[in-house]
Amino acid sequence: MTATGDDPRVGGAHGNRREEIVDAALELIAERGYRRASLAQVAARVGITAQGLLHYFPTKDDLLVAVLAERARREEVLAAASPEVRPDVDSLLRWLTQVLQRNTGEPRLTQLHTVLSADSLTEGHPAQDVMRERYREVRDRFVEFIAATDSGAFPGRRAEGLAALIVAAMDGLQLQWLLDRDRVDMAETFELFREAVLALLKGTADRAE
């Protein structure tokens with residue numbers, strides 16, 4: 001039998017306790033990675049027993065699924081507050097500059113993304129499929145912006161390559177910022193990248209004429 005504070009049937013706090021557990025797990029995974037963050041550590045941070053936590057999440061993978069869902073929910077909230085982006089690369093890159101600026105105020109989400117991206121490379125990681133699909137969706141979306149901008153100067157694999165390069169620039173800047181926040185300005189540096197990409201698109205279009 002669990003203590004009263006661990007019992008999800010006591011009072012109306014089931015939802016609140018679940019949210020606390022997910023929030024604590026989000027922090028721990030961001031700090032230590034999925035492999036090193038244990039259910040016992042999450043339970044201790046929330047102030048319940050490990051057995052009590054199992055009432056809400058029977059396995060560690062169940063908890064990870066909830067963490068990924070919470071991360072997606074928070075990102076959707078932030079995205080909903082963003083202005084509509086015109087279907088061209090310049091508007092996309094300007095918006096991504098704002099995203100990076102916003103991410104400086106959301107260090108836990110930024111760190112969680114960076115840690116899980118690296119963690120998911122390991123064999124059998126439960127978030128691997130989720131992260132792979134997430135990157136595919138982002139690249140595909142960026143390809144749409146590229147296709148709408150360059151009138152065919154960046155067809156097929158070249159458009160996919162440019163989309164992957166944009167993602168790599170964002171992820172790389174976030175990693176460097178997390179390691180050295182006083183020296184790396186993500187938004188300012190991404191502006192340099194935006195200028196380089198626009199020059200590349202213009203040069204390619206000029207040669208195609």
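The values are calculated or read from the model by the stated rules, or taken from the named source; none is laboratory data. All of these numbers come straight from a predicted model, not from anything done at the bench. Positions of Cβ are generated from backbone atoms using ideal geometry, with glycine treated the same way; all protein chains shown enter the neighbour counts. Note: areas computed on protein heavy atoms with side chains; ligands, DNA, RNA excluded. Shrake-Rupley method; radii C 1.70, N 1.55, O 1.52, S 1.80 Å.
Here are a few things to note about the model shown:
- Relative contact order of the range 111-169: 26 percent, from C-alpha pairs under 8 Å at least 6 residues apart in sequence.
- Cα gyration tensor of the range 59-131 - equivalent ellipsoid semi-axes, whole Å, descending: 27, 14, 12
- Applying 1/(1 + (r/R0)^6) with R0 = 41 Å to the Cβ-Cβ distance of residue 117 and residue 50 gives a FRET efficiency near 0.90.
- Computed over the range 52-209: relative contact order in percent, which uses C-alpha pairs under 8 Å that are six or more apart: 26 percent
- Using a probe of 1.4 angstrom and keeping all protein chains present, the accessible surface of the chain works out to 56 square angstrom per residue.
- For the range 161-167, 3J(HN,Hα) per residue [Karplus equation, 6.51 cos²θ - 1.76 cosθ + 1.60, θ = phi - 60°, Hz, x = Gly/Pro]: x, 5, 4, 5, 5, 4, 4
- For the Cα trace of the chain, dividing Rg by the Kirkwood Rh returns an Rg/Rh value of 1.07.
- The phi torsions of the range 49-61, fed into the Karplus equation with coefficients 6.51, -1.76 and 1.60 and a -60° offset, translate into couplings of 7, 4, 5, x, 4, 5, 5, 9, 9, x, 9, 5, 5 Hz, rounded to whole numbers, with Gly and Pro shown as x.
- Taking the accessible area of the range 41-124, probe 1.4 Å, and keeping the other protein chains in place, the carbon and sulfur fraction comes to 56%.
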